[in-house]
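Presented below is the structure to which this report refers.
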Amino acid sequence: MMSRLVAGLLLSGAIIVGCQAAGHAVTLVADGAPQAVVLVADEPNAATELAVRELNYWVERITGAELPTVSHADWDGEGAVVAVGASPFTEERGLDVSALGPEGALVVATDTYVALLGRDEPPVDSVTWRGTYYAVMELVGRVFGVRCIWPGELGEVFTPRATLEVAEGRWTWETSLVVNRSLRNGHGESGLGSRQEKLDEIGMQIAPEAYAKLGGETDVWLGRERMNRPSNISFGHSFTTWWERYGEAHPEWFAMRPDGQRPTTGGTGTKLCVSNPELRDAIFSEWYQAWQEDPEANKVLRACPNDSRGFCTCENCRAWDAPEMAEMTPAQIHSGPEAILSDRYARFWTDLAERVVAVDPEARVTGYAYRSYRKPPMHSTVHPAVLIGYVGGEGFYPHEDHLRDEWGSWSAAGAGMHWRPNLLHCGHGAPYVFARALGEDFKYFYEHNMVGTDFDSLGGAWATQGLNFYVLAELHSRPEADVEELVQEFYGAFGPAKEEVGAYFDYWEAVTEDGPDLLMELAGGTHSLTWGSWFRDFILLVPHLYTDEVLAAGEQLLEQAEAAAEGTETEAARVAFLRIGFDHTRLMAAAIREMQLLEAGDPAAAEARLAEAAAALRAFREANADSHAIPAYGLTARELTYTPTRPVWVRE
């Protein structure tokens with residue numbers, strides 16, 4: 001599995017495409033009447049069934065007609081056919097996808113049939129491939145002209161017509177993002193309980209049906225954007241149970257403190273003494289035992305360090321560090337933000353990789369580039385069997401100019417690269433727009449050994465940050481696309497208000513340029529960039545970045561878009577969707593500003609004015625909690641999480 005998933009595609013970064021040829025066409029629908037049938041195998045697989053539903057969803061949305069579906073055994077052999085998935089029909093015509101990469105898709109159109117099929121059979125049961133579904137999405141996007149700019153029907157962009165034809169042509173779709181393609185759904189079930197626990201403090205109740213609807217529609221959108229985990233390669237902090245399991249018997253396996261002592265207590269974040277050969281023997285042995293039991297399911301040794309700092313200061317670990325680190329004190333190595341410890345981890349991962357490939361040449365080791373080991377190794381190289389989850393793209397995005405240099409250096413050191421940023425958390429639901437910068441960074445990474453992504457997370461602020469999400473998602477399946485082309489596609493969804501909406505988002509993109517510097521200024525010139533601090537500080541940033549003057553200029557542009565869309569139905573509704581995001585930002589800025597004035601002891605502040613602003617914000621959020629425009633529950637729960645921001649809602 002691994003050789004197909006990684007080794008064969010690691011250096012290609014290619015999408016194989018063809019083109020439609022001018023000439024004959026097969027008619028699917030004519031004047032609102034079906035002219036073709038959807039043909040499937042007698043026992044279609046799950047990917048084919050999903051593909052058929054998606055195909056007919058769009059045929060009906062565009063034309064009002066539904067194509068009848070028949071199995072091969074029931075087909076009369078007459079008329080135009082849309083063959084979905086592998087079947088005797090496709091086999092008889094020599095249509096084969098076995099040479100395509102994981103989840104590869106094939107589209108073939110003649111004057112009598114359209115064939116849509118792909119790689120649907122993964123080598124292990126723990127993952128799902130959807131190549132046939134992606135073949136349908138290729139047809140829907142490239143031929144039907146559909147774009148989905150955000151979840152739900154309002155975000156579905158297409159041209160209604162009574163006749164639907166497919167010109168002759170043939171092309172394939174493949175991707176080198178064969179490890180993972182992920183924009184995490186911020187309305188997933190996993191975060192529901194913790195959010196409600198926070199909201200209980202102020203008596204705000206999450207409406208289960210509305211929350212589930214938002215999550216379900218987001219899942220559909222993610223599927224259409226071809227997000228999936230097609231391999232069993234995984235990352236994640238890998239040694240969170242090791243202190244509990246081994247701390248008492250083997251304290252020497254864990255990070256030495258600056259005082260020269262090994263820890264006597266620990267937890268899920270306790271770091272390891274990675275230079276300890278017995279520790280590495282134990283890590284390898286655990287993997288090897290699992291591999292012997294099921295080689296196909298255990299081709300990955302996860303060796304991502306535990307979260308937080310607290311790195312080992314022992315003599316051997318420090319000898320593994322770059323010589324430039326020798327002048328640092330044990331305290332700086334242990335917990336300082338300036339230490340660069342990537343060389344020790346490069347040696348750690350390389351040692352493990354040499355062992356696993358000696359057992360199984362297809363096996364891989366996964367690690368993180370994060371915190372004190374985010375920067376590339378200064379002297380060490382990395383074994384080519386190591387895949388690095390690069391956690392770059394944090395709270396100061398888009399002003400993190402080091403990203404490309406670091407990524408390029410890790411890649412040049414020999415690692416396969418997997419992008420695991422947190423940058424989608426920036427902005428706290430306000431119009432924090434960096435679509436162009438994000439798009440260009442993505443394209444650079446894709447061209448330099450990127451085999452997967454895992455973005456945390458789609459928070460749900462589609463009315464303010466939807467442009468970011470759309471450009472990012474589309475590049476996962478269309479990395480060859482020009483970033484500006486994708487930006488203009490998003491603007492084009494607003495029809496006669498395209499130019500005005502473009503000016504509106506371009507304005508917020510310019511405002512966002514001031515965000516990182518202002519964030520640093522408000523933090524006093526230094527910032528640890530830990531999750532708790534920059535999540536909190538983005539809340540506090542809102543009234544400083546989105547001042548009354550800034551908001552007034554933005555509203556003027558929005559009003560121009562509203563005027564341009566007047567008289568339309570769908571386009572005006574989309575602009576009204578943007579209005580929800582703007583009005584929410586203004587109310588949020590007002591409430592947080594009043595809280596900050598009151599906390600600072602400003603003589604002009606008043607409890608009554610804060611209570612009024614908070615009540616208005618809450619009422620607006622609750623009224624729009626069933627909309628993709630704003631993440632009403634998530635934002636409120638986050639504000640209740642941090643001591644400096646809780647006073648918006650709780651006066652203690």
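So for the range 316-377, averaging the separation of alpha carbon pairs under 8 Å that are six or more residues apart and normalising by length, what relative contact order in percent results?
Value for the range 316-377: 36 percent.
What is the set of long-range amide H partners of Val82 at a cut-off below 5 Å, with H atoms built 1.01 Å from backbone N?
Val37, Val38, Leu39, Val114
Give the accessible surface of the range 217-261 per residue, rounded to a whole number of Å², with probe radius 1.4 Å and ligands, DNA and RNA excluded.
44
Using a 1.4 Å probe over the heavy atoms of the protein chains, calculate the carbon and sulfur portion of the accessible area of the range 289-394 as a whole percent.
Using a 1.4 Å probe with all protein chains present, the range 289-394 comes out at 48 percent carbon and sulfur.
Place a +1 charge on the Cβ of each Lys and Arg in the chain and a -1 charge on the Cβ of each Asp and Glu, then give the dipole magnitude about the Cα centre in debye, rounded to the nearest 20.
For this selection, approximately 1420 debye.
With only alpha-carbon atoms in the gyration tensor, what are the semi-axes of the equivalent ellipsoid for the range 26-80, in Å, largest first?
Rounded to whole Å, the semi-axes are 19, 15, 6.
Ordered by residue, what ³J(HN,Hα) values in Hz, to whole numbers, does the range 252-262 give under the Karplus form 6.51 cos²θ - 1.76 cosθ + 1.60, where θ = phi - 60° and Gly and Pro are x?
For the range 252-262, the Karplus-derived couplings read 5, 7, 10, 4, 6, 7, x, 7, x, 9, 7 Hz, x marking Gly and Pro.
By how many nm would the segment from Asp281 to Ser190 lengthen if fully extended, with 0.36 nm per residue of separation less the alpha-carbon distance?
29.3 nm
Between Ser98 and Asp626, what's the calculated FRET efficiency when r is the beta-carbon distance and R0 is 51 Å? Round to 0.05.
After rounding to 0.05, the efficiency reads 0.65.
Quickly rank 487-495, 501-509 as a protection proxy: mean count of other C-beta atoms within 10 Å, highest first.
Per-residue mean Cβ counts within 10 Å order the peptides as 501-509, 487-495.
How large is the Rg to Rh ratio of the range 343-439 when both quantities use alpha carbon positions and Rh follows Kirkwood?
1.06
Using label points projected 7 Å from each Cα along Cα→Cβ, tell me how many nm separate Val357 and Glu121, to one decimal.
About 3.0 nm, to one decimal.
For the peptides 463-474, 72-83, 331-342, what is the packing order when you average, over each peptide's residues, the other Cβ atoms within 10 Å and list the highest mean first?
Ranking the peptides 463-474, 72-83, 331-342 by packing returns 463-474, 331-342, 72-83.
Work out the FRET efficiency for Ala30 and Glu489 from their Cβ-Cβ distance, taking R0 = 22 Å, and round it to the nearest 0.05.
0.20
Mind giving me the nanometre distance, one decimal, between the label points for Ala616 and Asp517, set 7 Å out from Cα along Cα→Cβ?
Reported label-point gap for Ala616 and Asp517 is 3.1 nm.
Which value at 222 nm does the chain reach when only helices count, each DSSP H run of 4 or more adding -39,500 (n - 2.57), with the total divided by all residues and rounded to the nearest 500 deg cm²/dmol?
-13500 deg cm²/dmol
For the range 115-169 and the range 569-613, compute the distance between their C-alpha centroids and round to whole Å.
Centre-to-centre distance over Cα atoms comes out at 40 Å.
At 1.4 Å probe radius, can you tell me the per residue accessible area of the range 571-613 in Å²?
Accessible surface, normalised per residue, equals 41 Å².
Expressed as a whole percentage, what fraction of the accessible surface of the range 503-561 belongs to carbon and sulfur atoms when a 1.4 Å probe is rolled over the protein heavy atoms?
That fraction is 51 percent.
7 Å from Cα along Cα→Cβ at both Arg61 and Ala167: what's the point-to-point distance in nm?
Between Arg61 and Ala167, the simple spin-label model gives 2.3 nm.
How would Met204, Met378 rank on accessible area, largest to smallest, probe 1.4 Å?
From most accessible down to least: Met378, Met204.
Taking a probe of 1.4 angstrom, what is the accessible area of Thr240 in Å², to the nearest 10?
Rounded to the nearest 10, the figure is 50 Å².
Along the Cα-to-Cβ line of Thr112, 7 Å from the Cα, sits a label point; which residues in the range 66-84 have backbone N less than 19 Å from it?
Answer for the range 66-84: 70-84.
I'd like to check one number: the per residue accessible area of the range 429-565, probe 1.4 Å, reported in Å² as a whole number.
31
If I require 27 Å or longer along the helix axis, counting alpha carbons, and a Kyte-Doolittle average no lower than -1.0, what helices from the chain are left? Use full DSSP H segments.
570-599
Can you send over the carbon and sulfur percentage of the accessible area for the range 128-269, probe radius 1.4 Å, protein chains only?
Carbon and sulfur atoms account for 49 percent of the accessible area of the range 128-269.
Taking 8 Å as the Cα distance limit and 6 or more residues as the minimum spacing, I'd like the relative contact order of the chain as a percentage.
Rounded, it is 12 percent for the chain.
The values are calculated or read from the model by the stated rules, or taken from the named source; none is laboratory data. Predicted, not measured: the structure shown is a model, and the values here were computed from it. In this analysis, Cβ positions are derived from the backbone assuming ideal geometry, glycine residues included, and neighbour counts consider all displayed protein chains. These area figures cover heavy atoms from the full protein model, side chains too; ligands, DNA and RNA do not enter into them. Shrake-Rupley method; radii C 1.70, N 1.55, O 1.52, S 1.80 Å.
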